[in-house]
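To keep things clear, I will list the structure first and then write my remarks on it.
The values are calculated or read from the model by the stated rules, or taken from the named source; none is laboratory data. What you see is a predicted model, and the numbers here were worked out from it, not measured in a lab. Here the Cβ positions follow ideal geometry from the backbone for every residue, glycine too, while neighbour counts run over all protein chains shown. SASA here: full protein model, heavy atoms, side chains in, ligands and nucleic acids out. Shrake-Rupley method; radii C 1.70, N 1.55, O 1.52, S 1.80 Å.
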Amino acid sequence: MCRRIAEGTRWSKCGHFQRHMIIAIMDCNSSRCERSILHPRGCRDSTCERNFGPEVQKDIDTVKDECFQCRARAHRTLPT
């Protein structure tokens, strides 16, 4: 299964990744994957892979904090 390579920010306290852009596609070189250059044109086999595999996450910077969603969730759960 082909995979996308993404660059982004890693939030060190929660470990989440914020994608900025997809920089490349890693071809799996499988004729059974519709995303691969080796997949035959006009193939109608319903068992071929249609989706990308897990994203390869390339950290271009790290923030020593929680991501925005984790901070918002923590703020909502604070006692009043």
Problem set entry | In Å², nearest 10: area of Met26 left accessible to a 1.4 Å probe | 80 Å²
Exercise. In the chain, carbon and sulfur make up what percent of the accessible area (probe 1.4 Å)?
Worked result: 49 percent
Problem set entry | Average accessible area per residue (Å²) across region 1-76 - probe 1.4 Å, nucleic acids and ligands excluded | 74 Å²
Exercise. With all protein chains present and a 1.4 Å probe, how do Ile37, Ile60, Ile5 order by accessible area, largest first?
Worked result: Ile37, Ile60, Ile5
Problem set entry | Per residue convex hull volume, Cα atoms of region 3-76, in Å³ | 112 Å³
Exercise. Suppose every K and R has +1 on its Cβ and every D and E has -1 on its Cβ; what is the size of the dipole of the chain about the Cα centre, in Debye to the nearest 20?
Worked result: 200 debye
Exercise. In region 1-47, which trypsin sites (Lys or Arg not before Pro) are in a loop and have at most 15 other Cβ atoms within 10 Å, using DSSP for the loop call?
Worked result: Lys13, Arg32, Arg41, Arg44
For this session: Identify, among Ala74, Gly8, Ile22, the residue whose Cα sits farthest towards the positive end of the charge dipole of region 3-76, taking +1 on the Cβ of Lys and Arg and -1 on the Cβ of Asp and Glu, with the dipole about the Cα centre.
Result: Ala74
Problem set entry | At most 16 other Cβ within 10 Å, DSSP loop - GluC sites (Glu not before Pro), region 8-60 | Glu34, Glu55
